[in-house]
Amino acid sequence: MDDLKEKISNGETFQLFIGNGNMSDANYFAYYANELAKEYQVDKIYYLSTGKISTDDLAYIRENSINELSIGVPNMIYFEPSNDGTSKASRISGLEDFSGHYGSNYWLLLSDYFKNCYI
């Protein structure tokens with residue numbers, strides 16, 4: 001979490017995966033995210049386990065992203081520099097209408113997510 005806070009305060013661009021292996025379909029999500037990261041030449045995805053994240057750490061992430069962030073589902077979060085010199089996240093995969101729009105298909109969800117981040 002300390003590295004994440006430093007990246008945010010330095011205004012860095014990076015991807016963050018929040019989830020854990022106990023979540024339903026988290027392994028599929030992580031596999032597809034990894035495949036798409038290779039396709040988009042993303043060198044590293046940072047990881048936070050929902051089982052180890054504190055309430056204060058979650059509040060910090062929400063302050064620097066979209067407050068509706070839920071940790072009940074796996075999430076990819078794209079942080080990029082903002083006008084104030086820190087990083088903010090406006091793209092979060094878990095905020096999409098997963099079951100309705102994507103038919104619970106992680107490949108489609110993450111394909112759109114990565115495309116929106118990098119194109």
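The values are calculated or read from the model by the stated rules, or taken from the named source; none is laboratory data. From a predicted model like this one, the values you see are computed outputs, not experimental measurements. So basically every Cβ, Gly included, is an ideal-geometry build from the backbone, and we count neighbours across all protein chains shown. All accessible areas refer to the heavy atoms of the entire protein, side chains included, with ligands and DNA or RNA removed. Shrake-Rupley method; radii C 1.70, N 1.55, O 1.52, S 1.80 Å.
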Task: Two-site label geometry, residue 60 and residue 108: point separation in nm, points 7 Å out along Cα→Cβ - done: 3.7 nm
Open item on the list: Excluding same-chain pairs closer than 8 in sequence, count the lysine pairs in the range 1-108 whose Cα atoms lie under 22 Å apart.
Closed with: 9
Open item on the list: Multiplying the sequence separation of residue 97 and residue 41 by 0.36 nm and subtracting their Cα-Cα distance, what value in nm do you get?
Closed with: 17.5 nm
Open item on the list: Probe radius 1.4 Å, ligands and nucleic acids ignored: give me the carbon and sulfur share of the accessible area of the chain as a rounded percent.
Closed with: 43 percent
Open item on the list: Need the full-extension length gain, residue 53 to residue 118, defined as separation in residues times 0.36 nm minus the C-alpha distance. One decimal, nm.
Closed with: 20.6 nm
- [ ] In debye, nearest 20, what is the charge dipole magnitude of the chain about its Cα centre with +1 on Lys and Arg Cβ and -1 on Asp and Glu Cβ, if you could check?
- [x] 120 debye
Task: Convex hull per residue volume in Å³, alpha carbons only, for the chain - done: 101 Å³
Open item on the list: Per residue, how large is the accessible surface of the chain? Use a 1.4 angstrom probe and give square angstrom.
Closed with: 57 Å²
Task: Low-density loop positions, chymotrypsin sites (Phe, Trp or Tyr not before Pro), the range 30-119 - DSSP coil, at most 15 other Cβ in 10 Å - done: 40
